[in-house]
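Report on the structure given below.
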Amino acid sequence: MKNLNAVILAGCLFGLSNSAFADTVNLTNSADGATRDAGLAAVKKKLQDACAERKGTAITDSFEVVFEKTSANPDVPKPYYVDGRMQCDLPG
């Protein structure tokens, strides 16, 4: 019976901790650039800024490209377009 009480108490304490209320969300955004690297850097910056605006911490290892396209029109100043996704840890 003592073990059961200890398990219940530990579960209640964990449930009341701040880490239990933290949330991880997926952010998506898009950007364009003159080159592929410029487009990727721009979308990463937008995602990190959006996470910081929400007072969260960006998980940069989770960045992934969802969609990318290069314009065939030579008159377009930023022909590379990219959609990206990144996870963000938000405080509880």
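The values are calculated or read from the model by the stated rules, or taken from the named source; none is laboratory data. Since this is a predicted model, take the numbers as computed values, not measurements. Ligands, DNA and RNA are stripped out before the accessible areas are found, and what is left, the full protein with its side chains, is counted by its heavy atoms. Shrake-Rupley method; radii C 1.70, N 1.55, O 1.52, S 1.80 Å.
Taking the range 49-90 as the range and being of a type in the set (A, V, I, L, M), open to solvent by less than 80 Å² (accessible area, probe 1.4 Å) and more than 10 Å from T28 (Cα to Cα) as the test, the residues that pass are A52, A58, I59, V76, V82, L90.
Within the range 25-48, being closer than 17 Å to S71 by Cα, part of a strand (DSSP E or B) and open to solvent by 40 Å² or more (accessible area, probe 1.4 Å) holds for one residue alone: D32.
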